[in-house]
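A.B. asks: One structure is given below, represented as structure tokens, and several questions about it will come after.
The values are calculated or read from the model by the stated rules, or taken from the named source; none is laboratory data. In this text the structure is predicted, and so the values were computed from the model without any measurement. As a convention, Cβ positions derive from the backbone with ideal geometry for all residues, glycine included, and neighbour counts pool all protein chains shown. Only protein heavy atoms, including side chains, enter the accessible area calculation; ligands, DNA and RNA are left aside. Shrake-Rupley method; radii C 1.70, N 1.55, O 1.52, S 1.80 Å.
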Amino acid sequence: MKASELRKLSNEELKEKVLELKKKLFNLRFQNKIGSLSNTAEIKKTKKDIARILTILRERELNKTNG
């Protein structure tokens, strides 16, 4: 998911998206452990998406307090 798409969402939607992606990451890691995950790059992609959303939320928080 691109950052430009994420910036259009509200804070509540972003927080919901983070929870959704964390559940997905848990399931991907579980599938990887039992050997049924075919595309291991999906784990890295999901982690980056979570980090991207958290970065956007933090930027908004800092902008709100500073100015």
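A.B. asks: Give the longest segment of the chain that steers clear of trypsin sites (Lys or Arg not before Pro) in DSSP loops with at most 16 neighbouring Cβ atoms within 10 Å, not counting the sites themselves.
C.D. replies: Here the longest run is 9-67.
A.B. asks: Taking a spot 7 Å from the Cα of residue 22 along the direction of its beta carbon, which residues of the stretch 41-58 have an amide N less than 20 Å from it?
C.D. replies: 43-58
A.B. asks: Rounded to a whole number, what % of the accessible area of the chain do carbon and sulfur atoms account for, probe 1.4 Å? Don't skip to the end; give the middle numbers.
C.D. replies: Working: 2760 of 5300 Å².
Using a 1.4 Å probe with all protein chains present, the chain comes out at 52 percent carbon and sulfur.
A.B. asks: Angle between the Cα long axis of helix 41-66 and the longest principal axis of the chain, 0 to 90 degrees, nearest 10?
C.D. replies: 10 degrees
A.B. asks: Out of 39, 27, 11, any idea which swings most in a Gaussian network model of the chain, alpha carbons joined below 10 Å?
C.D. replies: Per the Cα network of the chain with a 10 Å cutoff, 39 tops the list.
A.B. asks: How many Å² of accessible area per residue for the chain, probe 1.4 Å?
C.D. replies: I get 79 Å² per residue for this part.
A.B. asks: So, counting K/R as plus one and D/E as minus one, what does the shell of residues with Cβ under 11 Å around residue 2 add up to?
C.D. replies: Net charge around residue 2: +1.
A.B. asks: Specify the residue with the greatest mean-square fluctuation among 34, 56, 43, computed from a Gaussian network of the chain linking alpha-carbon atoms under 10 Å apart.
C.D. replies: Fluctuation is largest for 34.
A.B. asks: Pairs to check: 44/64; 22/64; 22/48; 23/64; 2/23. Give those whose C-alpha atoms are more than 22 Å from each other in this structure.
C.D. replies: 44/64; 22/64; 23/64
A.B. asks: Another question about this same structure. Counting only other residues whose beta carbon sits under 14 Å from that of residue 44, what net charge do I get with K and R as +1, D and E as -1?
C.D. replies: On the way: positive: 24, 29, 45, 47, 48, 52; negative: 42, 49.
Cβ neighbours under 14 Å give a net charge of +4.
A.B. asks: Now for a separate question. Using the alpha-carbon atoms, what tilt in degrees (0 to 90, nearest 10) does helix 11-34 show relative to the longest principal axis of the chain?
C.D. replies: Taking Cα atoms only, the helix is inclined about 20 degrees.
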